[in-house]
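The values are calculated or read from the model by the stated rules, or taken from the named source; none is laboratory data. Note that the structure is a prediction, hence the values are computed from the model and not measured. Cβ sites come from the backbone with ideal geometry, for glycine too, and all protein chains shown count toward neighbours.
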Amino acid sequence: MTSQQIRQQFLDFFKAKNHLIVPSAPIVLKDDPTLMFSNSGMTQFKDYFLGYKEPKAPRIADTQKCLRVSGKHNDLDDVGRDTYHHTMFEMLGNWSFGDYFKKDAIDFAWELLTEVYKIPKEDLYVTIFEGDASEDLARDQDAYDFWKKHVDESRIINGNKKDNFWEMGESGPCGPCSEIHVDLRTEEEKKSVSALELVNNDHPQVVEIWNLVFMEFNRKADGTLEKLPAQHVDTGMGFERLCMALQRKTSNYDTDVFTPLIEKVEQLSGLRYTGILADEKDIAIRVVVDHIRAVAFAIADGQLPSNGGAGYVIRRILRRAISYSYRFLGMKEAFLFELVAVLSNEMGGFFPELSRQQKLVTEVIKEEEISFLKTIELGLKRIDLVINDTLSKSEKSLPGAAVFELYDTYGFPADLSRIIAEEKGLTVDEAGFNEEMAKQKERSKKSSAQKVYDWVILEEKEQQFVGYDQTETETYITRYRKIENKDGEYYQIVLSKSPFYPEGGGQVGDKGLLVPSYAEGFNIAKPELYFSADLNVSEDLIEILETKKENNLIISLIKDLPKDAGAVFYAKVNTGERRNTQANHSVTHLLHEALREVLGTHVEQKGSFVGPEYLRFDFSHFAKLSEDELKLVEQKVNQKIKENIALEEYRDIPVAEAMAKGAMALFGEKYGDTVRMIQFGSSKELCGGTHVKSTGEIGHFKIVSESSTAAGIRRIEAISGDKSAEYFQNLELQLSEISQLLKSKDLVKSVEKLISENSALKAEIESLKKEKAQGETATWKNDFIEKGDHKRLVKKASLEAGSVKDIVFQLKKEVPSSIIIIISDAGDKPMITVGVSSDLESTYHAGNIVKELAKEIQGGGGGNPGFATAGGKNLAGIDAAYQKALEI
């Protein structure tokens, strides 16, 4: 049975059990502040469990793309070392939202595994939650009784809280679970040791394949448990492990989920995969074929590799694969990108995003590979310097701080540093490395740490967002909670009616004011009198600092809690910022359409930022835009602005209806059953942001810059409206000032004349410098002093770096067995240059000499045995450096 057939049989089975089959949610999460990635099948349904949203159906089944590489659920370090851990994996799941519970979930699982998939009953073992006295949780007797109908009691095992109480994170829905394990050992092995001893003990052939979670609780921020409003079922079956069981393999990597990728790696590397666990080559191949899936799906879902957040996690996974292939497969050139076509061929049918985004995914991975391979080469050169320095001091251990710098600053893998050190007979100062790593983690923790308290609920009420139609409204606080971060204490509030747009879809959240009804001089029946009278400096006035969305709640941030949180308030959006922001948002729609018209329909939005000051728009395209293309895009957008096209808005329409109208959906975004469609003429997009009523309100559009952010991704930064007018006013003012300075109205001609004169003067200066350098060379040849086996020259001079270099190389050629040290103070910074003639390079090392001297000028540098330089900060240290050079 192929993996495709196994997946389809699962979905067909639950469809027959009246489950709605839904597609996988994106692997990258954009609207959940508690998680970067979907780490389980239940992630996309969290709002249903918490009661924030109504489920599409009481019974649902799907296969969900998952990623476990950060936080509590992190399998990254296990990947490649065993047969069944993965970064990206599929989670087959069936769900009940307040419908069936333990009995049906257990019956369904047993029927599917034993009657449809035909797994021998005697090979299956189940675990149940044994209870936990510390949390007053009883043994799951119901699950035990239901399992007894299918399984011999001897194969029902009590499990502790770690194994049999499932939690998705530090807080959120949770509950007892019942795992199903399968024994895949040979009959001979089964006779020697009972599977009862191997369940949950990391045996590669006695593995968990399905976990039935019975959602009964919500873990609050303070760690306590509260009952959920209804009981739910959340099951997750590891697709790769299921394939291993049904295809009777001893490793996930031996199934057809991975074998096409492994065969491609064998073809490209010329190496053969044997499946040996301890073999470094085989470990590397397993790492490569696992990691390429994680990276490809993440990029296809809109997450590009970057230096921060989720993007950094993806870049780290990719670099781990590159590092393994470089070290153990001998792959010095980019090749991982060639696996994307194989992956798309195998999985693109069920996950069409992979096929649609294949070109982009391929190009991004290729560019990342090429870039990191250069980093590895640069790192090898840098670690050679560290090794040479260590050996020159007769030390046996590389400094932990130096290895950490290679890892943290240059992205050079620490384990690669360890291997190279071992080859030279050295070790790494692990304590020093760990100390630096701990410092970095502490810095990161301090910069991002936030403590969130539990909600104080004043009223259980469904929130109403009125911000599309109103920027002011009467309201009151339904709940609030305190948060603490590096900037101090704040409060998050939820309003019964909110006009504040929450950050989302690239648009920044609204700011504004909250006026309590008890504020002096405020009459809530006539709020306009309060604002027009300029009385809004009252100490009772509350500033809305930002607005975000979490678990379907619009949350506004304030500094201090009002003295009467239960009062009636008047909420007012900062309309100036909102007006500019929505103009920028509307113009991104026009820009998207113009780019597709000018460049082609392959252009798709890949990210955006929309604020009151400017907009940023990322899109897929594989070449820099020419001046003519940029000009044409600008013209098309401004033409639509001039036409003053009225906004057509469709709220809460079915997704299918919006798509039938021609709406463009942004790939990687998660849309509900109903959506909002924004239309400006022929521009039609699914969008939740705020917009102008007609394009004429935008005023004018101006592209400020166009650049690359990643392989196949271009970025346009632009301005509109008031900011566009300011831009041209500033240009006009600058041109006027330049005209006055040049005393000319023909600025082009005057600048051309300046450039010509400047070039002539530069040439004259360079000629004079060469003459001076030649003069110094001729003079200094007579100043060398015999010092044992060499001749030494130490000089202080006021020369530029280029002249010093010329002198040093000329003297090295003309004076055999020479060491030249020149300490110069050209400009406002000191510089030390050391040259060693070629016949002495095996005895003396210019890089080591310059490092020692650079300490006196508070600088650093390096080089090869024949030539090295160092710059510094301390001009006053030149004399000390000169003296040390004489004595060294």
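Is it the case that residue 335 is closer than 19 Å to residue 264 by Cβ and out of contact with any strand residue (DSSP E or B) (no Cβ under 7 Å at 6 or more places or on another chain)?
yes
Would you be able to say whether some residue in region 442-461 is within 30 Å of residue 280 (Cβ to Cβ) and not aromatic (Phe, Trp, Tyr)? Walk me through how you get there before you give the answer.
Here is the first cut: in region 442-461, the ones within 30 Å of residue 280 (Cβ to Cβ) are none.
No, region 442-461 contains no residue that is within 30 Å of residue 280 (Cβ to Cβ) and not aromatic (Phe, Trp, Tyr).
Going through (1) surrounded by fewer than 19 Cβ atoms within 10 Å (Cβ to Cβ); (2) modelled with pLDDT under 95; (3) in contact with a Gly (Cβ under 8 Å, 6 or more places away or on another chain) one by one, residue 284 falls short only on (1).
Anything in region 684-735 that is part of a helix (DSSP H, G or I) and on the phi > 0 side of the Ramachandran plot? List them, or say none.
Passing the criteria: only 721.
Does residue 17 fit the bill of being surrounded by fewer than 19 Cβ atoms within 10 Å (Cβ to Cβ), among the basic types (Lys, Arg), over 18 Å from residue 301 (Cα atoms) and touching a residue at least 40 places away in the same chain (Cβ under 8 Å)? When the stated conditions are applied, residue 17 passes them. When region 526-565 is filtered for residues that are charged (D, E, K, R), under 25 Å from residue 507 (Cβ atoms), surrounded by fewer than 17 Cβ atoms within 10 Å (Cβ to Cβ) and modelled with pLDDT of 90 or more, the ones remaining, listed by number, are 543, 559. Residues of region 417-471 that are closer than 30 Å to residue 677 by Cα and modelled with pLDDT under 90: 461, 462.
Filtered by the rule that a residue be surrounded by fewer than 18 Cβ atoms within 10 Å (Cβ to Cβ) and touching a Lys or Arg at 6+ places or on another chain (Cβ under 9 Å), region 217-230 gives 221, 225, 226.
When we screen 531, 522 for residues that are in a loop (DSSP other than H, G, I, E, B) and among the hydrophobic types (A, V, I, L, M, F, W, C), the only hit is 522. A single entry from 362, 390 fulfils the requirement of being of a type in the set (S, T, N, Q), part of a helix (DSSP H, G or I) and farther than 30 Å from residue 256 by Cα: 390.
With respect to being more than 27 Å from residue 359 (Cα to Cα), surrounded by fewer than 13 Cβ atoms within 10 Å (Cβ to Cβ) and among the acidic types (Asp, Glu), residue 628 falls outside the description.
Taken over region 600-618, the criterion of being at pLDDT 95 or above and aliphatic (A, V, I, L, M) is satisfied by 610, 615.
Once region 127-155 is narrowed to residues that are touching a helix residue (DSSP H, G or I) at 6+ places or on another chain (Cβ under 7 Å) and surrounded by fewer than 18 Cβ atoms within 10 Å (Cβ to Cβ), the residue that is nearest to residue 214 (Cα to Cα) is 142. For region 480-516, a residue qualifies if it is small (Gly, Ala, Ser), crowded, with 21+ Cβ neighbours inside 10 Å and either touching a helix residue (DSSP H, G or I) at 6+ places or on another chain (Cβ under 6 Å) or part of a strand (DSSP E or B) (or both), and the qualifying residues are 498, 512.
Between 764, 757, 726, the distinction of being modelled with pLDDT of 90 or more, surrounded by fewer than 16 Cβ atoms within 10 Å (Cβ to Cβ) and not hydroxyl-bearing (Ser, Thr, Tyr) belongs to 726 only. Please enumerate the residues belonging to region 68-96 that are in a strand (DSSP E or B) and either of a type outside the set (S, T, N, Q) or at pLDDT 90 or above (or both). Matches in region 68-96: 69, 73, 88, 89, 90, 91, 92, 93, 94, 95, 96. The condition of being surrounded by 19 or more Cβ atoms within 10 Å (Cβ to Cβ), modelled with pLDDT of 80 or more, in the same structural domain as residue 216 (by TED's automatic domain parsing) and not hydrophobic (A, V, I, L, M, F, W, C) holds for only one of 65, 56, 46, that being 65. Within region 850-888, the residues that satisfy the criterion of being surrounded by fewer than 22 Cβ atoms within 10 Å (Cβ to Cβ), assigned to a helix (DSSP H, G or I) and in contact with a helix residue (DSSP H, G or I) (Cβ under 7 Å, 6 or more places away or on another chain) are 877, 878, 880, 884. When 322, 314, 299 are checked against the criterion of being in a helix (DSSP H, G or I), aliphatic (A, V, I, L, M), free of Cβ contacts under 8 Å to residues at least 40 places away in the same chain and surrounded by 23 or more Cβ atoms within 10 Å (Cβ to Cβ), a single residue qualifies: 314.
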